[in-house]
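**Student:** Starting off with a structure, shown below.
The values are calculated or read from the model by the stated rules, or taken from the named source; none is laboratory data. Please read all numbers here as calculations on a predicted model, not as lab measurements. FYI the Cβ positions are ideal-geometry reconstructions off the backbone, even for glycines, and counts take in every protein chain you see.
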Amino acid sequence: MSGIYLSSSPHVHSGETTDKVMRAVIYSLLPACAVAIYFFGLPALLILILCTGGCVATEAVCNRLFKSKLSIADGSAALTGILLALNMPPNSPWWLSVLGAVIAIVIGKQVYGGLGYNPFNPALVARVVLLVSFPVHMTSWTTPAPLGSGIDAVTTATPLGEWKTAVMLTGKLPENISAGMGDYFIGNMAGSLGEVSALALLLGAAYLFWKKIISWHVPMTFVLTVVVFGGIFWLVDSSRYPNPLFHLLTGGLVLGAFYMATDMVTSPVTTRGMIIFGFGCGVVTVLIRLFGGYPEGVSFAILLMNAATPLIDRYTRPRVFGTAVEGKS
Amino acid sequence: MAMTKLKTFPGGLHPADNKQWTASRSIEFVPLPDELIIPLSQHIGAPAEVCVEVGALVKKGEIIGKAKGFVSVPVHASTSGEVVAVEPRLHPSGRPLLSVVIKPDGEDDWIDPLPQGDPDKLSADELKDRLRDAGIVGMGGATFPAHVKLSPPEEKPIDTLIINGVECEPYLTADHRLMLEEPERILQGVAILRKILTVDNIYIGIEVNKPDAIALMTEKCAGTDVKVVPLEVKYPQGAEKQLILAITGREVPSGGLPMEVGVVVQNVGTTAAVADAVINGYPLIERVCTVTGSGISEQKNLRIRVGTPLQHLVDFCGGLNGDPAKLIMGGPMMGMTQLSLDVPATRGTSGLLIFGEDDIPLVEQGPCIRCARCVKTCPAHLLPTTIAAYARLEMIDEAEEYCAMDCIECGCCSYSCPSFIPLVQSLRHAKAAILEKRRKI
């Protein structure tokens, strides 16, 4: 009877592993990737490959430089790459993707010690660095040109961009603001690779809910806050402010709420904290969209709330069993 | 039942229960082993004081170790025979502890006369004395002396008795079988406990994964005011405080005992032993134990004598199936691994679980990805990952401030951690360090 293990309990495990969690999130993003390739063609595929490959390669190089264990198998670097790609404009130059991948992994993740230690969502760190450093490249959009349709992609603005320009110039909504909600829903509009199709994103999110990878607290609070808060402005002045559905379907809200704000590492662990986090993301998003210099605020909102996460966790500790019961404090 | 929401507590999880191996197997009586190793420490509190010498001939049920103090119980010979050694032997706790070794004479002669009594004629205090003399302790695993639990101070009136038939540990079916095979004994025990506590609210909590036990106990309780409460299947539903919350809605205060909310909880096995002690005069020298796992040839429910070496139980179950990788006394969530099969079963041995290599999750620990699974499942509503991090950094004051002492060590956090971080293990470390610190002050 050689080689029996002595250990303290528990002696069984759920079988859930970090790799499985990361893989499930990657699977959930496949519909959005497919839609991106359908609407934006080979350039979209190239961006996906460059971002994902770039992140994985950078992670491996960092592991080597920092003499840490090779961590590309846990899937987190690949996931960061896919999320970054989905945040890129479809016609951006190839080097922008590569640069973004390096920034995401090095500045967004590895300098803090790798998976689990980064305070900010790595893909969003990269997106925001690129946005402020290369504003022209990061804000030139094209109309979708579905595969095989023979349509040529032409330069245009995102629906949110159109709205912001119109409001700044005329103080009014553009003429066709509510046109094409159906197109917005399936993703037939200008925007970054992954933000366009709410349909594909929600399909993947349903999978994540079903697998219990994410809970409703962050994404639902985020989305509801934007809808309600944005809706209040719309009710006050609907000639100037877009309706809640527009807020919901255009721009990066669905991608941000279900895939970026739910990043476990950078969001609170407490239930109340998750709700506060989602609420904060929603409020900041609406404020930036309606009153900020940028047409879109989801990325900034999430990063700002990432910074608040440790504080939120600290002040939203759950009531421990048996504490604050009558007669005890 | 299907329409109403089942009672339970917030938090917890659903491990694979693996009870199918033994749930339908009747309890079998294990023949006498060649030698019985009876540790003097089989309960929480002061170990019993040995009162026999090597060479003495003892009868079944004879006291071989006397209780030492109030929180202590005597230890009895579980068969008749000769005391062949009084020496430290390997104990389930992992250390050698003083034990009385008896070589059975094969006669299995009881002491004469047995201290049989009529529960109706004995007073509450006499009943409690009887339970102490019979060595009755909590048989769910905690082995806390029953007479102490049944003696709350006057300022803590008890109005509710809960009989714990939950058996939420995976694999184990000992309590389940006991409820199916000896419901009358359990109810006799309930009547005695009721008399001692003078309570009117009596509940028997059973998880709905034992519908046959719920049906039978409900049938047997018909016409009485004992209520069988079906509970949601969720680990750790059988943990005392979680069970009290599920059934009564009362929350035992942090650091407090169930008596603070007027409740006493006893396990079904303990309750049956109470009946035996008072009515038949039998001390606690036997119990039901599930021997199971992939590492044993035949999984069984056994009636075992206290002091039986685990090897004897394994032999009775057809021997080992392949090389064992882990020997676990108790269930897989809270049981203790054993060094060897030479260790004896004690009053707290609800199961012997033998794992093969394939049953053991051996995955390298990764970083915390803050997935919050431990937070969601913690039945004490702690932040296990945060406390564990403090414990690893020896930040004991911070661990204490985050209520580490409220951890019930159920293991839900470690079970659910996708990064295989030994969370409950770190919490145990924190708890020990906090106690150490408090002692120094």
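**Student:** Against the conditions (1) more than 7 Å from chain A (Cβ to nearest Cβ); (2) part of a loop (DSSP other than H, G, I, E, B); (3) at pLDDT 95 or above, where does B:S340 fall short? Just the number, please.
**Tutor:** The failed condition is (3).
**Student:** May I pose another question? Is there a residue in segment B:316-332 that is in contact with a helix residue (DSSP H, G or I) (Cβ under 6 Å, 6 or more places away or on another chain), under 19 Å from B:S78 (Cα atoms) and not assigned by TED's automatic domain parsing to the domain that holds B:T160?
**Tutor:** no
**Student:** In segment B:52-72, which residue that is at pLDDT 95 or above, under 22 Å from B:L131 (Cβ atoms) and part of a loop (DSSP other than H, G, I, E, B) is nearest to the chain's Cα centre (by Cα)?
**Tutor:** Across segment B:52-72, the extreme among qualifying residues is B:G61.
**Student:** Among the residues of segment B:7-23, count how many are in contact with a helix residue (DSSP H, G or I) (Cβ under 9 Å, 6 or more places away or on another chain) and part of a loop (DSSP other than H, G, I, E, B).
**Tutor:** Residues that pass the stated criteria total 9.
**Student:** Have a look at B:T248, B:T290, B:T224 and point out the one that is polar (S, T, N, Q) and over 28 Å from B:A134 (Cβ atoms).
**Tutor:** Just a single option satisfies the conditions, and that option is B:T248.
**Student:** Select from segment B:364-389 the residues that are in contact with a Ser or Thr (Cβ under 7 Å, 6 or more places away or on another chain) and part of a helix (DSSP H, G or I) and write down the one among them that is farthest from the other protein chains (Cβ to nearest Cβ).
**Tutor:** B:A388
**Student:** Something else now. If you take the residues of segment B:286-298 that are touching a residue at least 24 places away in the same chain (Cβ under 8 Å) and more than 21 Å from B:G165 (Cα to Cα), which of them is surrounded by the fewest Cβ atoms within 10 Å (Cβ to Cβ)?
**Tutor:** Only one residue fits best here, namely B:S297.
**Student:** Here's a check for you: in segment B:73-105, which residue that is of a type in the set (G, A, S) and at pLDDT 95 or above is surrounded by the fewest Cβ atoms within 10 Å (Cβ to Cβ)?
**Tutor:** Checking each candidate, the answer is B:A85.
**Student:** Look through B:A388, B:A430 and report the one residue that is within 23 Å of B:P253 (Cβ to Cβ) and small (G, A, S).
**Tutor:** Unique residue meeting the criteria: B:A430.
**Student:** Further question on the same structure: B:E286: closer than 30 Å to B:P113 by Cα and not aromatic (F, W, Y), yes or no?
**Tutor:** yes
**Student:** Is segment A:39-59 home to any residue that is within 14 Å of chain B (Cβ to nearest Cβ) and either crowded, with 19+ Cβ neighbours inside 10 Å or at pLDDT 95 or above (or both)?
**Tutor:** yes
**Student:** Only one residue in B:I387, B:I396 is under 15 Å from B:P422 (Cβ atoms) and among the β-branched types (V, I, T), so which one is that?
**Tutor:** B:I387
**Student:** So which of B:T224, B:T198 is out of contact with any strand residue (DSSP E or B) (no Cβ under 9 Å at 6 or more places or on another chain) and of a type in the set (V, I, T)?
**Tutor:** Every option except B:T198 fails the conditions.
**Student:** Testing B:V265 on (1) more than 10 Å from every other protein chain (Cβ to nearest Cβ); (2) modelled with pLDDT under 95, one condition comes back false. Which one is that?
**Tutor:** Of the numbered conditions (1) more than 10 Å from every other protein chain (Cβ to nearest Cβ); (2) modelled with pLDDT under 95, the odd one out for B:V265 is (2).
**Student:** Moving to a separate point now. Among A:G171, A:G191, A:G180, which is the only one that is in contact (Cβ under 8 Å) with a residue 12 or more places away in the chain, small (G, A, S) and surrounded by fewer than 18 Cβ atoms within 10 Å (Cβ to Cβ)?
**Tutor:** A:G171
**Student:** Please work out which residue is nearest to the other protein chains (Cβ to nearest Cβ), limiting yourself to segment A:267-282 and to residues that are assigned to a helix (DSSP H, G or I) and under 16 Å from the mean Cα position of the chain (by Cα).
**Tutor:** The selected residue is A:M274.
**Student:** Now for a different question. Suppose we keep only residues that are more than 9 Å from every other protein chain (Cβ to nearest Cβ) and either touching a residue at least 60 places away in the same chain (Cβ under 8 Å) or part of a loop (DSSP other than H, G, I, E, B) (or both) within segment B:413-441. Which one would you say is nearest to B:K234 (Cα to Cα)?
**Tutor:** B:I421
**Student:** Does A:G252 satisfy the criteria of being touching an Asp or Glu at 6+ places or on another chain (Cβ under 8 Å) and within 14 Å of chain B (Cβ to nearest Cβ)?
**Tutor:** Against the criterion (touching an Asp or Glu at 6+ places or on another chain (Cβ under 8 Å) and within 14 Å of chain B (Cβ to nearest Cβ)), A:G252 does not qualify.
**Student:** Scan (1) over 15 Å from A:G256 (Cβ atoms); (2) in contact (Cβ under 8 Å) with a residue 12 or more places away in the chain; (3) assigned to a helix (DSSP H, G or I) for the single condition A:W95 breaks and write down its number.
**Tutor:** (2)
**Student:** Separate question: Considering each of B:G322, B:G331, B:G307 in turn, give the residue that is outside any strand (DSSP E or B), on the phi > 0 side of the Ramachandran plot and within 12 Å of chain A (Cβ to nearest Cβ).
**Tutor:** B:G322
**Student:** Considering only segment B:91-134, state which residues are within 30 Å of B:K326 (Cα to Cα) and under 22 Å from the mean Cα position of the chain (by Cα).
**Tutor:** B:H91, B:P92, B:S93, B:G94, B:R95, B:P96, B:L97, B:L98, B:S99
**Student:** Looking at (1) within 9 Å of chain A (Cβ to nearest Cβ); (2) among the hydrophobic types (A, V, I, L, M, F, W, C); (3) in contact with a Cys (Cβ under 9 Å, 6 or more places away or on another chain), which is the one condition that is false for B:L313?
**Tutor:** Of (1) within 9 Å of chain A (Cβ to nearest Cβ); (2) among the hydrophobic types (A, V, I, L, M, F, W, C); (3) in contact with a Cys (Cβ under 9 Å, 6 or more places away or on another chain), only one is false for B:L313: (1).
**Student:** Please count how many residues of segment A:11-38 are polar (S, T, N, Q), outside any helix (DSSP H, G or I) and buried (at least 23 other Cβ atoms within 10 Å of the Cβ).
**Tutor:** 0
**Student:** A:G3: within 14 Å of chain B (Cβ to nearest Cβ) and at positive phi, yes or no?
**Tutor:** yes
**Student:** If you scan segment B:1-31, which residues turn out to be under 15 Å from B:F316 (Cα atoms) and either surrounded by fewer than 18 Cβ atoms within 10 Å (Cβ to Cβ) or within 14 Å of chain A (Cβ to nearest Cβ) (or both)?
**Tutor:** B:R25, B:S26, B:E28, B:F29, B:P31
**Student:** Here is a further query. With the requirement that a residue be more than 9 Å from chain B (Cβ to nearest Cβ), in contact with a Ser or Thr (Cβ under 8 Å, 6 or more places away or on another chain) and surrounded by fewer than 19 Cβ atoms within 10 Å (Cβ to Cβ), what does segment A:298-323 give you?
**Tutor:** A:T316
**Student:** Moving on. Within segment B:321-337, how many residues are more than 22 Å from the chain's Cα centre (by Cα) and under 23 Å from B:R89 (Cα atoms)?
**Tutor:** 2
**Student:** Let me ask something additional. Which residue is surrounded by the most Cβ atoms within 10 Å (Cβ to Cβ), if the candidates are limited to segment B:350-363 and must be in contact (Cβ under 8 Å) with a residue 24 or more places away in the chain and within 9 Å of chain A (Cβ to nearest Cβ)?
**Tutor:** B:L353
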